[in-house]
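The values are calculated or read from the model by the stated rules, or taken from the named source; none is laboratory data. None of the values given here were measured: they were computed from a predicted structure. Positions of Cβ are generated from backbone atoms using ideal geometry, with glycine treated the same way; all protein chains shown enter the neighbour counts. Calculation scope for accessible area: heavy atoms of the full protein, side chains included, ligands and nucleic acids excluded. Shrake-Rupley method; radii C 1.70, N 1.55, O 1.52, S 1.80 Å.
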Amino acid sequence: MPDDTTAALQALIKQVETLTTTVTDQQKRMDSLHDFNGRVLDEKKDMQRQLEQQAASDKKWADMGYERAPDGNYYPKGTTPKHSLTREEARDPQKYRAAKAAAEKAGATLTITDPNKPEDAHHRGRPEVDTSHSTTLVKDDDQRVAYMRRDVMGSDATQYRKLRADGFTVQSWDQPDDLPQHMQAKLVEMEKAHDA
């Protein structure tokens, strides 16, 4: 009889060990699933925040009279390039053929834009400085970049040094088109405020 009891106890201990291992494995899977769900929810919140920021940005630009084009840039309302594709979109042969046909039908040229590549003024040649604007300095406080008109930059070394001392990177511009689009809009606003 004692041998039967010992055998039964050993079998019971073995079953408890197996059950403990199973429960531990399930707990690890549940913890892993909990972590995964947490990451997914965080990514969802981040995406929602980005969408809200984009909507707020679109509204701000719309209030200033601009609209966002498919290439991701903002243009004054009604001047959005109608026949353009981003470089990524142009890699799709069907999209490219359709856009090219639409441009030809409208008598326009299809342009390919690269929203990730900044415009390089050095390759366009140096145009004359547009002195018709009373505003000669436009600051992007978020990026810590100051855009100074080239003629002023060459003649006002004191202002240049002060901007550098304040932690700004100073870049020159000849024409308003040389400025990033958000700074072009700021220049327009500054000109309006100056004229008022």
- prompt: Of the residues D58, D3, D31, which single one is over 30 Å from D177 (Cβ atoms), of a type in the set (D, E) and surrounded by 10 or more Cβ atoms within 10 Å (Cβ to Cβ)?
  reply: D31
task: Please give the strands (runs of 3 or more DSSP E) falling wholly within segment 3-104 in which 3 or more residues are at pLDDT 85 or above and in the same structural domain as Q181 (by the TED database).
output: none
field: Those residues of segment 159-185 which are touching a Phe, Trp or Tyr at 6+ places or on another chain (Cβ under 6 Å) and either open to solvent by 70 Å² or more (accessible area, probe 1.4 Å) or in a loop (DSSP other than H, G, I, E, B) (or both), in sequence order
entry: Q171, L179
field: Only listed residue being more than 27 Å from the chain's Cα centre (by Cα) and either at pLDDT 85 or above or farther than 24 Å from M64 by Cα (or both), chosen from A108, A146, A121
entry: A108
- request: Report, by residue number, each residue of segment 129-158 that is charged (D, E, K, R), in contact with a Ser or Thr (Cβ under 9 Å, 6 or more places away or on another chain) and assigned to a loop (DSSP other than H, G, I, E, B).
  value: R144, D156
- prompt: Can you tell me which residues in segment 125-158 are among the β-branched types (V, I, T), farther than 17 Å from Q181 by Cβ and open to solvent by less than 50 Å² (accessible area, probe 1.4 Å)?
  reply: V129, T136, V152
field: Filtered residue count, segment 140-178, keeping only those that are touching a strand residue (DSSP E or B) at 6+ places or on another chain (Cβ under 9 Å) and over 13 Å from V129 (Cα atoms)
entry: 16
